[in-house]
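These notes are about the structure you will find just below.
The values are calculated or read from the model by the stated rules, or taken from the named source; none is laboratory data. All figures in this text were calculated on a predicted structure; none of them were measured in a lab. All Cβ positions, even for glycine, are placed from backbone atoms using ideal geometry, and neighbour counts span all protein chains on display. Just so you know, the surface numbers come from the protein's heavy atoms only, side chains and all, with ligands and any DNA or RNA stripped out. Shrake-Rupley method; radii C 1.70, N 1.55, O 1.52, S 1.80 Å.
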Amino acid sequence: MTPKDTKRTEGQLMATEDELRQIRLNKAARLREMGVLPYPNDWRTNPELEDKRRSVVELAADESARSALPVEDELSEDAPQMPLFGRVIAKRGPFLVIRTPHGDAQALVRPEKLSERDAALLKLVDLADHVMVEGPVIRTKTGALAVSARRYEHLGKALLPPPAKWHGLKDVEKRYRERYVDLFANPAVAEVFRARTVVVQSLRRFLDALDFLEVETPLLHVTRGGATAKPFETHHNTLDLELILRIAPELYLKRLLVGGFDRVYEIGRAFRNEGISTKHNPEFTILELYMAYATHEDLMDLAVDMIRAVDAELRARFPELTAERAFDLSADWKRVTLRDSIAERLVRAGREGVPKTTWTDKLSHEAIDDPEALANACNAMLAKLGPVAQKQLEHCETHGERLFAIFEQLVEPDLTALYRTGDGSQTVPVFITEYPIEVSPLARSNDDDPAFVDRFELFIDGREISNAFSELNDPDDQAARFEGQLRNRERGDEEAMDFDADYIRALSHGLPPAAGFGLGVDRLIMLLCNQPSIRDVLLFPLLRPENE
RNA sequence: GGGCCAUUAGCUCAAGUGGUAGAGCAGUGGAUUCUUAAUCCAUUGGCUCCAGGUUCGAGUCCUGGAUGGCCCA
């Protein structure tokens with residue numbers, strides 16, 4: 001005992017976290033002395049109780065409906081007993097505010113209305129405990145709803161104090177690390193994750209209605225393919241086999257088209273061993289769909305319909321969350337070739353909110369289709385670029401690679417300035433089409449110009465949401481593309497794909513003419529729910545572990 | 001990878017130029033018991049992120065590190 005401790009009277013313990021915990025442990029012990037378990041498991045809900053609880057909470061939020069409720073003194077003898085159970089988040093006078101998945105409602109808990117046992121239990125309640133009350137629903141003097149408790153049960157002890165009731169939990173790191181607290185302390189956060197589920201369900205509903213078959217393909221892959229990215233590596237002991245976590249499901253899904261499923265999709269996790277940012281988490285959710293007897297142009301139409309349908313459902317269910325929008329999904333979605341987007345960027349530089357850059361001086365409109373002029377322009381730019389952009393440009397060996405690099409560096413950052421509604425108030429979704437063949441190893445080349453492929457990427461509010469193309473189903477062409485990837489690997493490209501011999505064999509059995517579409521589900525949710533960081537739409541984003 | 005910012009009680013935040021670390025909420029004891037961030041009285045609670053340094057004296061200044069956020073590449 002330190003001298004400080006001796007000054008304390010009983011009941012005046014220090015309020016460090018350990019001692020706040022000890023105070024609650026002491027209350028748990030007193031529950032045990034009363035013959036009540038601190039963590040009981042013998043109280044059960046059922047559909048009927050659940051419906052009643054939901055109706056109580058909904059009534060509590062409905063000002064006009066609750067005005068018809070009786071006050072305590074007007075209660076009839078046979079007033080129905082309604083349940084309210086959940087977590088205590090505030091104590092106000094003789095009221096407990098109880099949080100449920102449907103919202104908050106309050107209980108009026110007066111000891112004289114309870115049995116001696118229940119009144120004694122009530123004395124031991126702490127904020128954040130799980131409790132259940134039952135009694136008639138009344139209107140309070142201030143017009144609020146309350147369940148006037150005739151029965152009180154302790155359902156579970158919280159040993160740690162909840163965050164401040166008014167401010168909630170604000171510490172961003174703590175919110176991500178202790179999402180369980182974030183969710184019950186900040187209802188707006190929980191709302192985002194409910195919205196997330198609605199988006200995913202809505203995607204499924206849309207595709208199911210079009211007779212797409214939802215499938216599950218392996219997460220453990222032997223070869224890297226379907227995207228260009230660094231994988232996570234792992235090992236299977238029994239087979240003594242090096243495996244990677246999939247970077248995309250693409251090649252398995254297309255095998256299923258060979259197998260005769262003409263419309264398939266998968267919503268699942270993909271893993272990329274890359275940086276973490278507000279737009280990147282090492283594991284993320286991807287939707288990929290494949291459709292036989294369709295082209296990438298059909299999938300543009302499908303993408304518009306699908307995203308509009310999802311958004312309509314989301315907006316109907318979450319009007320507040322979706323109120324602020326920098327983009328307009330109801331406008332006509334632009335379709336621009338990659339080369340035209342560069343040309344447009346150059347022509348409009350310095351006008352209409354489209355900024356000038358050093359590229360604007362070095363690169364002429366005519367150079368876009370002239371390999372030598374483009375290479376010269378790139379060389380002239382090199383010194384002006386940052387290290388990463390410089391590296392990307394230096395690695396370019398072909399006209400197509402240069403076009404793609406220029407698109408990424410020059411056009412992509414200013415897409416929101418380039419494509420806007422007529423009055424300029426909002427951005428418009430844009431499909432960028434005709435990608436160079438070199439950067440599209442799985443896409444079908446264009447029949448009229450084999451240097452480009454039948455592919456698009458969809459950008460909404462400047463953010464890349466989707467990538468899609470008509471599928472390459474010529475096995476010899478695909479084999480040559482894989483060879484090209486291997487050469488890139490030798491050039492030092494760690495993201496290049498492997499040669500997938502089984503996939504070539506699958507194509508050799510005949511992949512029907514088809515098109516495929518991939519969508520970053522987390523990014524779509526960020527966009528539609530107006531969330532600035534991918535961590536705000538992932539329940540448990542990857543963080544460096546805490547020490548200790 | 002680079003730059004900027006942040007880290008103080010369980011939570012939310014204060015502490016001009018270096019001078020005894022404070023408040024609200026939560027907690028504890030009591031009063032009250034139809035409250036709406038309940039109120040009233042009393043009261044507990046600190047390795048000021050970590051490790052060094054400068055100084056008579058560091059939450060504050062310097063160096064290094066940790067974690068997080070934002071921006072740039």
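If the chain linking A:Thr295 and A:Asn376 were pulled fully straight, counting 0.36 nm for each residue of separation and taking away their Cα-Cα distance, it would gain 25.6 nm.
Here the range A:55-105 and the range A:178-193 have alpha carbon centers that stand 23 Å from each other. For chain A, DSSP calls about 90 percent of its internal beta bridges antiparallel. Computed from Cα atoms, the angle from the helix A:338-348 axis to the main principal axis of chain A rounds to 90 degrees.
How far, in degrees from 0 to 90, does helix A:17-33 lean away from the longest principal axis of the Cα atoms of chain A, to the nearest 10? Its long axis makes an angle of about 50 degrees.
Placing dummy labels 7 Å off each Cα toward the beta-carbon, the span from A:Leu486 to A:Asn26 is 7.4 nm. Ranking of A:Asp332, A:Asp461 by solvent-accessible surface, largest first: A:Asp332, A:Asp461 (1.4 Å probe, protein heavy atoms only, all chains present). With all protein chains in place and a 1.4 Å probe, the accessible surface of chain A carries 50 percent carbon and sulfur. In this structure A:Lys165 has an accessible area near 150 Å², from a 1.4 Å probe over the protein heavy atoms. Computed from point charges on the beta carbon alone (+1 for Lys and Arg, -1 for Asp and Glu), the dipole magnitude for chain A about its Cα centre is near 3080 Debye. Average accessible surface for chain A: 51 Å² per residue, computed with a 1.4 Å probe over protein heavy atoms with every protein chain in place. In this simple spin-label approximation, A:Asp104 and A:Ile504 carry label points 7 Å from Cα along the Cα→Cβ vector, and these lie 6.4 nm apart.
Counting only C-alpha contacts under 8 Å and six or more residues apart, can you give the relative contact order of chain A as a whole percent? It would help to have the intermediate numbers written out before the result.
Numbers: 930 pairs, mean separation 67.4, N = 548.
12 percent.
Ordered from highest to lowest accessible area with the whole protein assembly present and a 1.4 Å probe, A:Ile368, A:Ile23 read as A:Ile23, A:Ile368. Computed on protein heavy atoms with a 1.4 Å probe, the accessible areas place A:Asp328, A:Asp171, A:Asp522, A:Asp449 in the order A:Asp171, A:Asp449, A:Asp328, A:Asp522, largest first. If you take the Cα centroid of the range A:452-507 and the Cα centroid of the range A:254-306, the two points sit 14 Å apart.
Tell me whether the range A:181-251 comes out rounded, prolate or oblate; compute the Cα gyration tensor, take square roots of the eigenvalues as a ≥ b ≥ c, and use a/c under 1.5 as the rounded threshold.
Details: a/c = 2.93, a/b = 1.53, b/c = 1.92.
Oblate shape, in that a/c is at least 1.5 and b/c is the bigger or equal ratio.
With the convex hull drawn over the C-alpha atoms of chain A, the volume per residue is 241 Å³. Between A:Arg194 and A:Arg44, the contour length at 0.36 nm per residue exceeds the alpha carbon distance by 51.6 nm. For A:Asp361 and A:Ala164, the FRET efficiency from 1/(1 + (r/R0)^6), where r spans their Cβ atoms and R0 equals 56 Å, is about 0.55. Compute the label zone of A:Arg92 within the range A:132-159: residues whose backbone N is under 12 Å from the point 7 Å along Cα-to-Cβ. Taking a point 7 Å out along Cα→Cβ of A:Arg92, the residues of the range A:132-159 whose backbone N falls under 12 Å are A:140-146. Note on A:Arg117 and A:Glu352: their simple-model spin labels are 7.7 nm apart, each label 7 Å out from Cα toward Cβ. In chain A, taking the dipole from charged Cβ atoms about the Cα centre, the farthest positive-side position among A:Gln485, A:Gly168, A:Pro249 is held by A:Gly168. For the pair A:Ala383 and A:Arg269, what calculated FRET efficiency results from E = 1/(1 + (r/R0)^6), where r is the Cβ-Cβ distance and R0 = 45 Å, to the nearest 0.05? With R0 = 45 Å, the Cβ-Cβ based efficiency is 0.60. 3J(HN,Hα) along the range A:311-317, derived from phi through the Karplus expression 6.51 cos²θ - 1.76 cosθ + 1.60 where θ = phi - 60°, amounts to 5, 4, 5, 4, 5, 5, 8 Hz, with x in place of Gly and Pro. Along the range A:369-378 the Karplus relation, 6.51 cos²θ - 1.76 cosθ + 1.60 evaluated at θ = phi - 60°, assigns HN-Hα couplings of 9, 10, x, 5, 5, 5, 4, 5, 4, 4 Hz to successive residues, with x for each Gly and Pro.
Using the Cα gyration tensor of the range A:16-156, with a ≥ b ≥ c the square roots of its eigenvalues, what is the shape: rounded (a/c below 1.5), prolate (a/b larger than b/c) or oblate (neither)? If you can, show how the numbers build up before the last one.
Numbers: a/c = 1.80, a/b = 1.74, b/c = 1.03.
Prolate, because a/c is 1.5 or more and a/b exceeds b/c.
Axis of helix A:47-60 versus longest Cα principal axis of chain A: the two differ by about 90°, to the nearest ten degrees. Within the range A:423-439, list the residues whose amide N lies under 20 Å from a label point set 7 Å along Cα→Cβ of A:Asp477. Within reach of a label on A:Asp477: A:433-439.
Here is how the number arises for chain A: DSSP H runs of 4 or more residues each give -39500 (n - 2.57), the sum is divided by the residue count, and the result at 222 nm is -10500 deg cm²/dmol.
Where does the Debye-calculated log10 I(q)/I(0) of the range A:442-548 sit at q = 0.12 Å⁻¹, using only Cα point scatterers of equal weight, no solvent? These q points yield log10 I(q)/I(0) values of -0.64.
Annotation: amide H of A:Met82 within the under-5 Å range of A:Gly135, A:Val137, sequence separation 5 or more or interchain, hydrogens built in the peptide plane.
Calculated FRET efficiency, A:Asp51 to A:Gln81, Cβ-Cβ distance, R0 = 22 Å: about 0.95 to the nearest 0.05. Extension gain, A:Asp449-A:Arg308: 0.36 nm per intervening residue step, less the Cα-Cα distance, totals 47.5 nm.
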